[in-house]
Structures are given as C-alpha cells and as structure tokens.
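The next block holds one structure in the form of structure tokens; read it before the comments.
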Amino acid sequence: MRVQLTVNGEARACDTKGSESLLFALRDYLHLTGSKGACEQGECGSCSVLLDGELVCACLVMAVDAHGSEVVTVEGLGGPELHPVQKALIDAGGVQCGFCTPGFVVAAAALLDENPAPSSDEMREALAGNICRCTGYGAILRGLETLVEGR
Amino acid sequence: MEVIHPVDLDEAVGALAAYPEATLLAGGTDLMVEVNFDLIRPDVVVALRRLDDIQDVSRRRIGAGVTFRRLESGDHNALAQLARTIGSPQIRAAGTIGGNIGTASPAGDSLPFLAALDAEIELHSTSGTRRVRWDDFFTGVKRTARRPDELITAAVLPEDLPDFQEFAKIGQRSAMVISIVSACVLRWRDGRTRVALGSVGPTPIRARRAEAMVSDETDPGPAALEEFARLVSQEVSPITDHRGTGEYRRHASGVLARRLLERCLSS
C-alpha cells in the first residue's frame, strides 16, 4: 500500500507490504535509521518520534495509519546545528552506548517544547518511557537540568 | 492487507458490516505488539485514530477514541489518576479508552473505574446503537459482548456520580507496568460506597459484601476499615502468575481498597 506522509518537513512516500510498523518504514524504506528498534513493544522508547505533534513509539504505529500524517524523527530535530538537547547530553556525558539516545532526545525535546522549565520530577516522569540499558540516567538528567538552568 | 480509514461513524460501521473479520486499530499499543511479534497478520484493518465521531469527552460520556493523555486531567479524579498510571507518555499519547475496553485485559486500568461506576459501553453498528452494562460486556479474559460488526463508541457514566473517587494500582515500578492489583473506590456523602478491583479475576470484580458493610457506616472507624479490607480480600479471585502470587494479590486488594477508602473519607 502506498503511504504518503510528511517526515521532518519533507513529503515522503513508501510502499508497505502489509502491517509493518512506522519504525520499520522509517528505517527500511525511508532510510532514516536514527530511530532505533529494540523491544518492538513500546517498552523501551528508543523509537520515539512525534506523530502529528504527539510523542509516540514508532514501533506501535502501523505504517499505513501514518498515511497523511506529519512525523518528526531525531534527524529532523536540529538544523545545521545540534538541537540543544543533543548538545546538553554530549556535554553532560549523557551518552554511553548511544542506542537509547535518539529516543531520549526526541522525548526530552518534546517535553521542553511543552514545558520549557520542567522540574527534575517532571523530567523523570516525561522520560519514564525511555529505557537506558547502560543505566546512564543520572548524566542524562543532569544534562537536561543544566540546559534548563542555563535558559 | 487492506486498510480502511473511515471518515465518519457510518463509514466505520459500514466497513465492519462488510468485513466482520476486520481488525480494529485504535492507538495500536496492544495490536502492534502482536503484529510485531508475528502473532497476528490482519487481512483487513479499520483504522480509527482519526475518526472524529469518537473523540468527544463530557462529564457523562467518554468517546472511545479519547487517548489516556487527554484523560490525564478532567472531571473524574479516579479516571485522571488511572490515566496517569498507564504505560509511559508515549503509550498514553496513543492508547485510547475504547482500546482498553475492547482489549478487555484483566489488567485493563480503566476497567475498575467503569465497573465501580456501573458504566455502560455504547456499541454502534449498521443496525443501530445499544448500551451494555460493564458486567454484561466483560465476559472473560479478553472476551466481551461486542459483536464483530459493532464498534465501541463510548463509555457512558450514570447520572448519580460519587462525591469522592480514588484509583490506585500496584506494580513493580511506577511506569510501564502491568497492574498486579488495581482498585477504584467511590464514596457518596450519604455513605454509599463502591469498590471495584482489576487484575484479580478474569474480569473486573465488585466487592459487594464489602460495599454493603461500609455503606452502612457514616463515619467508619479503624475496626470498620479493617473489616472492609478483610471482605475485599475475600471477594477477589486472583491467580498466581509471573507478576505476583494469588496470595499476595488477595492481601494487596484489601490493603489497596482500604487505603483508597481512607483517602475518600479524608478528602
């Protein structure tokens, strides 16, 4: 089935075979491999994207259901420069193996769009759907706290 | 695979009449897990995410397409509390109350709220609309009275809403968990009390003897609260699984119900 959607501001299209996920379509058809596939059941958040402005797990969206929608992936967050969240995570050492990082970046950017000055508790709650298997949460949160304090 | 994106309710139920074997896709948070693990391969999908006709919320009617993110705040305290405990922000942005009802998992977090309120599930088909009370609707583990040609369009709440309502659940951590026990307690100023529990039986359970006992108490003291907890524990029928033992669930049911009743009484 032909799926037409806007990804990171660009009109894109792909042909799906059946019920594959938006994550699969992004990675394998549109070659946007920033969003990662890990648990494939919405537990880990490494495939977090914005779908029509809402933070969702791309693995739980059927690609055909994104037809006509607007998707923002980690690739679309920054411009020529890094997104402030990306820079904050680098500065704080909030990246270890890096597999969860795109999901954390998208989720944290979505939080800061909605709430520019979240408390530490609000950060924890907003990132509850993102799992870091290196358990690097402390540095991730410190990076975001530093970013928020510096604003 | 064929996909139908109905633009309105008529088109949605028309599609279900034409394809009674169709798979309904709302938020996808349950369905896509099965799809990703190749447990189901749908032939026909009716996609409901953008069906406007099931998106409205009012005090007594909650559209089936309303996401838990939208329910995190609103008129009903217990509904907001349970919405906030579901999954993660990503799951709440996608998952809908209609999906929770339709999936009918014993651990469905909205189910104790609907059971406590004696809510009705509104079903729509080409032959009309019917409302089925929760206890006739939920018939077993992931089994409901919905016919294949019907669409869940709303949860309808009664006119007589409680003065106090509280929800809580027990899980192994505070996010991304499937309930080990969940409970909803309602209390009216005249003393009437209701308690419903989830994850402790194939369908939500009302602890009616506990309700009757404590509804007679205008100002329940420690002994009455203890008796309330004991009766709740007796009335549930939990199983042992990888998330918890039946014995733990039985004990936790009473503790949780008593705690929620105490919150109702002190608010």
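Laid out as a table, the results:
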quantity: Extreme residue, farthest from A:ALA107 (Cα to Cα), among residues of the stretch B:87-106 that are away from chain A (no Cβ under 11 Å) and aliphatic (A, V, I, L, M); calculated: B:ALA104
quantity: Hits in the stretch A:57-74 - residues which are more than 9 Å from chain B (Cβ to nearest Cβ) and touching a Ser or Thr at 6+ places or on another chain (Cβ under 6 Å); calculated: A:ALA58, A:ALA63, A:GLU70, A:THR73
quantity: Some residue of the stretch B:30-42 being outside any helix (DSSP H, G or I), touching a strand residue (DSSP E or B) at 6+ places or on another chain (Cβ under 6 Å) and not assigned by TED's automatic domain parsing to the domain that holds B:VAL181; calculated: yes
quantity: Tabulated pairs, the stretch B:111-134, first in contact (Cβ under 8 Å) with a residue 24 or more places away in the chain, second open to solvent by 60 Å² or more (accessible area, probe 1.4 Å) and of a type in the set (S, T, N, Q), C-beta under 8 angstrom, 6+ apart or interchain; calculated: B:GLU122/B:THR129; B:LEU123/B:THR129
quantity: Those residues of the stretch B:37-61 which are free of Cβ contacts under 8 Å to residues at least 24 places away in the same chain and buried (at least 21 other Cβ atoms within 10 Å of the Cβ), in sequence order; calculated: none
quantity: Among the residues listed as B:GLY74, B:GLY108, the single one being of a type in the set (Gly, Ala, Ser) and buried (at least 19 other Cβ atoms within 10 Å of the Cβ); calculated: B:GLY108
quantity: Meets criteria (touching a helix residue (DSSP H, G or I) at 6+ places or on another chain (Cβ under 7 Å) and within 25 Å of B:ILE91 (Cα to Cα)) for B:ILE121; calculated: yes
quantity: Some residue of the stretch B:205-228 being aliphatic (A, V, I, L, M), under 30 Å from A:ALA128 (Cβ atoms), open to solvent by 20 Å² or more (accessible area, probe 1.4 Å) and touching a helix residue (DSSP H, G or I) at 6+ places or on another chain (Cβ under 8 Å); calculated: yes
quantity: Yes/no for B:GLY221 being more than 24 Å from B:LEU79 (Cα to Cα), touching a strand residue (DSSP E or B) at 6+ places or on another chain (Cβ under 8 Å) and not hydroxyl-bearing (Ser, Thr, Tyr); calculated: no
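The values are calculated or read from the model by the stated rules, or taken from the named source; none is laboratory data. Not measured: the values here are computed from a predicted model. No Cβ is skipped: glycine too gets one built from the backbone with ideal geometry, and neighbour counts run over all protein chains shown. In case anyone asks, the SASA skips ligands and DNA or RNA and just uses the protein heavy atoms, side chains included. Shrake-Rupley method; radii C 1.70, N 1.55, O 1.52, S 1.80 Å.
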